[in-house]
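Q: Take this structure, written in structure tokens, and hold onto it; I'll ask about it next.
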Amino acid sequence: MNYDWSVVWQYRQMLLDGIGITILLTVLTMLVAVPGGILLALMRLSSMPWLARGSTAFVELFRNLPLILVVYWAFYVMPMVSDIELSAFNTGLLALCLNVSAYNSETFRAGIQSIRKGQAEAAVALGFSNTQAMFKIILPQAWRRVLPVLASTWVALFKDTSLVSVIAVGELAHASMTIRSQTFRVLEMLTAMAVIYWMLGYPQAKLVDWIREKYKVNE
Amino acid sequence: MEFDFSPILENWRYLWGGFGITLGLSGLTVAASLLLGFAMAIGRIYGPRWLRWPLVFYIDSMRAIPVLVVLVWTFFALPLLLGISIPTFWAAVIALTMHIAPFVAEIVRSGIESVRAGQTGAGLALGMSKAQVVRHLIMPQAVVRMLPSFGSVISITIKDTAIAAVIAVPEYMKRSETLAGQTYHPVEIFTFAMLVYFIILFPITRLVDMAYRRWAFLGRS
């Protein structure tokens with residue numbers, strides 16, 4: 001069997017664009033999902049029952065659905081049941097944001113609950129309001145425990161962006177598979193796709209290990 | 001907007017078959033990943049030095065490559081490389097196991113390493129062999145601590161089997177997609193699919209959350 005690896009170089013521009021879209025999707029999703037996760041966690045821990053229930057329902061729903069199904073749903077169903085018409089990119093972004101916000105909310109909730117209750121009580125006794133206690137005392141400490149988990153979520157998200165290729169968002173996976181079907185260089189393109197993901201993802205995975213080690217909480 | 005759920009009722013046998021394939025694929029993947037994951041973790045901790053770095057490299061690499069890429073590569077590229085054809089179902093079992101087993105290996109490793117080193121020393125001082133220490137002292141404590149995480153492995157695997165739809169494994173996701181295309185009722189079919197996945201996955205995550213709380217005290221030693 002003859003292999004022709006020049007196809008990778010020949011289509012480098014398309015692959016680079018794909019990498020750009022993959023990174024853009026990861027960054028934009030995280031930019032939405034971190035505040036989104038904090039908001040959902042605060043809603044869930046709030047004393048207003050309907051807020052807490054709404055947040056719990058949202059989080060449990062999206063934690064328990066395959067992301068690829070959410071992507072399909074957002075692409076085929078959402079435009080039919082509502083007037084929302086989004087481009088493929090925005091649809092993919094929306095599905096990723098829903099999924100990652102739900103996971104981040106659990107991360108923040110666990111982080112907030114890991115700070116002992118006595119600290120919030122001490123803050124209130126010192127004349128802080130509940131909001132001040134949350135933003136000045138609890139969140140700054142919770143952050144340290146949350147960061148390593150957010151880093152892992154980041155890597156998972158980076159990989160999950162490949163799933164929006166099923167609705168033809170031109171990120172790395174879709175770009176590689178398009179080149180594959182144009183050139184019939186199946187083995188070369190699919191291997192190149194795996195290697196590019198590895199080159200981008202491996203340092204991130206190693207960085208996560210380093211962050212975990214650095215922020216390790218010794219009880 | 002009018003909803004018409006008759007395509008689901010009329011094709012329930014087709015969807016039910018897909019559901020069975022989803023469960024079969026998940027079951028096989030979980031079983032194979034547990035075996036392979038245990039083997040990799042034990043090899044990494046107790047194995048000879050030359051075995052360690054390839055295992056670490058493999059585990060870390062799989063954390064960096066999307067499961068979709070592994071699936072597509074196993075189904076389309078691997079047969080070209082080996083000159084054989086692999087049926088979609090088995091390609092999916094292989095690819096998902098390649099992806100999930102390193103995850104299991106990390107769970108097993110952190111479980112084993114959570115048992116304090118002093119216990120190994122104590123066992124050896126009492127005249128137990130290394131293998132006896134691992135089997136009778138470390139594993140019984142470590143496995144209990146791994147159990148909740150194995151629950152997460154099951155729910156992650158079920159969610160990942162939906163991605164096997166991209167290589168046309170006729171599991172629930174793929175069959176929903178086919179049916180949606182044939183009947184022009186994507187709204188009802190995809191929404192129903194959400195319900196189906198939620199109904200299997202929700203009890204599992206609930207049990208896992210309970211297990212974490214119920215068995216948390218066993219983690220102390």
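The values are calculated or read from the model by the stated rules, or taken from the named source; none is laboratory data. These numbers come from a predicted model, not from an experiment. For neighbour counting, all protein chains shown are included, and Cβ atoms are generated from backbone atoms with ideal geometry for every residue, glycine included.
Q: Looking at the structure I just gave you, is B:Ala142 part of a helix (DSSP H, G or I) and at pLDDT 95 or above?
A: Judged against the criteria, B:Ala142 is not a match.
Q: If you don't mind, another one. Under 25 Å from B:Met40 (Cβ atoms), crowded, with 16+ Cβ neighbours inside 10 Å and more than 14 Å from chain A (Cβ to nearest Cβ): which single residue out of B:Val70, B:Val153 fits that description? Walk me through how you get there before you give the answer.
A: Details: B:Val70 fails: more than 14 Å from chain A (Cβ to nearest Cβ).
Selected residue: B:Val153, the only one of B:Val70, B:Val153 that is under 25 Å from B:Met40 (Cβ atoms), crowded, with 16+ Cβ neighbours inside 10 Å and more than 14 Å from chain A (Cβ to nearest Cβ).
Q: Residues in the range A:1-8: is at least one within 14 Å of the chain's Cα centre (by Cα) and part of a helix (DSSP H, G or I)?
A: Scanning the range A:1-8, I find no residue that is within 14 Å of the chain's Cα centre (by Cα) and part of a helix (DSSP H, G or I), so the answer is no.
Q: With respect to the numbered conditions (1) farther than 24 Å from B:Ala92 by Cα; (2) surrounded by fewer than 18 Cβ atoms within 10 Å (Cβ to Cβ); (3) free of Cβ contacts under 8 Å to residues at least 40 places away in the same chain, which one is the sole condition not fulfilled by B:Ala142?
A: With (1) farther than 24 Å from B:Ala92 by Cα; (2) surrounded by fewer than 18 Cβ atoms within 10 Å (Cβ to Cβ); (3) free of Cβ contacts under 8 Å to residues at least 40 places away in the same chain applied to B:Ala142, the lone miss is (2).
Q: Residues being more than 8 Å from every other protein chain (Cβ to nearest Cβ) and either surrounded by fewer than 21 Cβ atoms within 10 Å (Cβ to Cβ) or assigned to a helix (DSSP H, G or I) (or both): count how many of those fall in the range B:162-175.
A: Of the residues in that region, 7 qualify.
Q: Which of (1) at pLDDT below 90; (2) within 14 Å of the chain's Cα centre (by Cα) is the odd one out, the single condition B:Ser26 does not satisfy?
A: (1) is the only condition that B:Ser26 fails.
Q: If you don't mind, another one. Pick out the one residue from B:Ala91, B:Ala95, B:Ala117 that is surrounded by fewer than 17 Cβ atoms within 10 Å (Cβ to Cβ) and either more than 14 Å from chain A (Cβ to nearest Cβ) or modelled with pLDDT of 90 or more (or both).
A: Result: B:Ala117 is the single residue among B:Ala91, B:Ala95, B:Ala117 that is surrounded by fewer than 17 Cβ atoms within 10 Å (Cβ to Cβ) and either more than 14 Å from chain A (Cβ to nearest Cβ) or modelled with pLDDT of 90 or more (or both).
Q: Sticking with this one: Filter the range A:202-219 down to residues that are surrounded by 13 or more Cβ atoms within 10 Å (Cβ to Cβ), part of a helix (DSSP H, G or I) and more than 10 Å from chain B (Cβ to nearest Cβ), then give me how many there are.
A: Residues in the range A:202-219 being surrounded by 13 or more Cβ atoms within 10 Å (Cβ to Cβ), part of a helix (DSSP H, G or I) and more than 10 Å from chain B (Cβ to nearest Cβ): 3 in total.
Q: How many residues are modelled with pLDDT of 95 or more and out of contact with any His (no Cβ under 7 Å at 6 or more places or on another chain) if we restrict to the range B:62-71?
A: 5
Q: Now, a different point. Looking at the structure I just gave you, is A:Ala156 within 11 Å of another protein chain (Cβ to nearest Cβ) and part of a helix (DSSP H, G or I)?
A: Taking the combined requirement at face value, the residue satisfies it.
Q: For the range B:107-127, how many residues meet the condition of being in a helix (DSSP H, G or I) and touching a Gly at 6+ places or on another chain (Cβ under 8 Å)?
A: Final tally of qualifying residues: 2.
Q: Going by what's in this entry, would A:Leu163 be described as in a helix (DSSP H, G or I) and either over 20 Å from B:Pro66 (Cβ atoms) or modelled with pLDDT under 95 (or both)?
A: no
Q: Which one of these does A:Phe158 not meet: (1) modelled with pLDDT of 95 or more; (2) under 30 Å from B:Tyr184 (Cα atoms)?
A: (2)
Q: Suppose the filter is buried (at least 20 other Cβ atoms within 10 Å of the Cβ), farther than 21 Å from B:Asp160 by Cβ and among the β-branched types (Val, Ile, Thr); does A:Thr91 pass it?
A: Yes: the conditions hold for A:Thr91.
Q: Among the listed residues A:Val8, A:Val32, A:Val100, identify the single one that is closer than 21 Å to B:Met194 by Cα, in contact (Cβ under 8 Å) with a residue 60 or more places away in the chain, more than 12 Å from chain B (Cβ to nearest Cβ) and surrounded by 14 or more Cβ atoms within 10 Å (Cβ to Cβ).
A: Every option except A:Val100 fails the conditions.
Q: Out of everything in the range B:1-56 that is of a type in the set (Gly, Ala, Ser) and in contact with a Lys or Arg (Cβ under 8 Å, 6 or more places away or on another chain), what residue ends up being farthest from B:Ser149 (Cα to Cα)?
A: Out of the qualifying residues, it is B:Gly17.
Q: Would you check if A:Pro140 is at pLDDT below 95 and under 16 Å from the mean Cα position of the chain (by Cα)?
A: no
Q: For B:Leu124, which of the numbered conditions (1) away from chain A (no Cβ under 14 Å); (2) under 25 Å from the mean Cα position of the chain (by Cα) fails to hold?
A: Against the list (1) away from chain A (no Cβ under 14 Å); (2) under 25 Å from the mean Cα position of the chain (by Cα), B:Leu124 comes up short only on (2).
Q: Here's a check for you: in the range A:166-201, which residue that is outside any helix (DSSP H, G or I) and in contact with a Leu (Cβ under 9 Å, 6 or more places away or on another chain) is farthest from B:Leu71 (Cα to Cα)? Break it down stepwise before answering.
A: Quick first cut of the range A:166-201, residues outside any helix (DSSP H, G or I) only: A:168-171, A:184-185.
Checking which are in contact with a Leu (Cβ under 9 Å, 6 or more places away or on another chain) leaves us with A:169, A:171.
Values: A:Val169: 19, A:Glu171: 17 Å.
Residue satisfying both the conditions and the ranking: A:Val169.
Q: Do the conditions hold for B:Pro186, that is, is it over 23 Å from B:Gly18 (Cα atoms) and either within 14 Å of chain A (Cβ to nearest Cβ) or out of contact with any helix residue (DSSP H, G or I) (no Cβ under 6 Å at 6 or more places or on another chain) (or both)?
A: For B:Pro186, the condition - over 23 Å from B:Gly18 (Cα atoms) and either within 14 Å of chain A (Cβ to nearest Cβ) or out of contact with any helix residue (DSSP H, G or I) (no Cβ under 6 Å at 6 or more places or on another chain) (or both) - is not met.
Conditions (1) within 21 Å of A:Ile167 (Cα to Cα); (2) charged (D, E, K, R), marked per residue:
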{"residue": "A:Val7", "(1), (2)": "no, no"}
{"residue": "A:Gly20", "(1), (2)": "yes, no"}
{"residue": "A:Ala41", "(1), (2)": "no, no"}
{"residue": "A:Arg44", "(1), (2)": "no, yes"}
{"residue": "A:Ile68", "(1), (2)": "yes, no"}
{"residue": "A:Asp83", "(1), (2)": "yes, yes"}
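Q: Looking at (1) over 17 Å from the mean Cα position of the chain (by Cα); (2) surrounded by 15 or more Cβ atoms within 10 Å (Cβ to Cβ), which is the only condition A:Phe158 fails?
A: If we test A:Phe158 against (1) over 17 Å from the mean Cα position of the chain (by Cα); (2) surrounded by 15 or more Cβ atoms within 10 Å (Cβ to Cβ), just (1) comes out false.
Q: Would you check if there is a residue in the range B:122-129 being crowded, with 17+ Cβ neighbours inside 10 Å, under 30 Å from B:Asn11 (Cβ atoms) and modelled with pLDDT of 90 or more?
A: Checking the range B:122-129: not a single residue is crowded, with 17+ Cβ neighbours inside 10 Å, under 30 Å from B:Asn11 (Cβ atoms) and modelled with pLDDT of 90 or more.
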